[in-house]
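These notes concern the structure reproduced below.
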Amino acid sequence: SPEGQPNGLAAGPDGRFFVSDAKDELVRVFDPKGKSLSVVGKPGGVKPGPYDPLKFHHPSGLTVSNGLLWVTEDDRWQPKRLAAFDATTGEVRKEYFGPTNYGAQGAGMDPLDESQWIGQGTLFKVDMKERKATPVSVLGGESGRRHTYYRQDGRTFIITSGKATYVQELLPNGTLKH
């Protein structure tokens, strides 16, 4: 495509080509003759707000295996992941989230709600019984080495500390207000 920034290439067993586009933040799908067929993902990249598994951050490495298009993303930390999409429909089939930084810096559990965890600039819903964490929203705001929850007057604040300390309100839409 003349308007994107090709960053990765994979060929499917049916002859279709998949090209990751780091500028438009999606994967373009072409037929064997180069005609554009569709896209996987939604343009615009990862931004603060509700988590959308169809949003990429600089999609790069691609491979097609067993009907799945596997996509890696450059410099994605909110949250770090490897994702697999149905190679025909573009629907998300699997997501694997990477480990936090060494020593789990930038992470924090909510002491009043064990199902809430902040890691990699993302608010996760944690199910300890199922051993599963699902991203809820990309927080935005300032990041740091640790996050502490603080509640006052019905509001929730996140105290983020590291080289500097920030007090940010956790808004109902899952983002942080400075």
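The values are calculated or read from the model by the stated rules, or taken from the named source; none is laboratory data. Keep in mind the model is a prediction, meaning the values are calculated, not measured. All Cβ positions, even for glycine, are placed from backbone atoms using ideal geometry, and neighbour counts span all protein chains on display. For the accessible areas, the whole protein counts, side chains as well, though only heavy atoms, and no ligand, DNA or RNA atoms are used. Shrake-Rupley method; radii C 1.70, N 1.55, O 1.52, S 1.80 Å.
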Using θ = phi - 60° and the Karplus relation 6.51 cos²θ - 1.76 cosθ + 1.60, list the HN-Hα couplings for region 153-163 in order, rounded to whole Hz, with x at every Gly or Pro.
6, x, 10, 10, 10, 10, 9, 9, 10, x, 5
As a test question: what accessible area, to the nearest 10 Å², does TYR150 have when a 1.4 Å probe is rolled over all protein chains in place?
110 Å²
Ranking ARG16, ARG131 from most to least accessible area with a 1.4 Å probe gives ARG131, ARG16
Lys, Arg +1 and Asp, Glu -1 on Cβ, resulting dipole of region 86-178 about Cα centre, debye, nearest 20
240 debye
How far apart, in nm, are two points set 7 Å out from the Cα along the Cα-to-Cβ line at THR165 and at ALA11?
5.9 nm
Close lysine pairs (the chain; alpha-carbon distance under 19 Å; 8 or more apart or on separate chains) counted at 19
Environment charge at GLN78 (Cβ cut-off 15 Å; Lys +1, Arg +1, Asp -1, Glu -1)
-2
Could you quote the convex hull projected area for region 26-178, Cα atoms only and averaged over all directions, in nm²?
10.5 nm²
So what are the ³J(HN,Hα) numbers for region 8-22, from phi and the Karplus equation (6.51, -1.76, 1.60; θ = phi - 60°), rounded to whole Hz, Gly and Pro as x?
x, 9, 9, 10, x, x, 8, x, 5, 10, 10, 10, 6, 10, 6
Magnitude of the Cβ-charge dipole (Lys and Arg +1, Asp and Glu -1) of the chain about the Cα centre, nearest 20 debye, reported as 200 debye
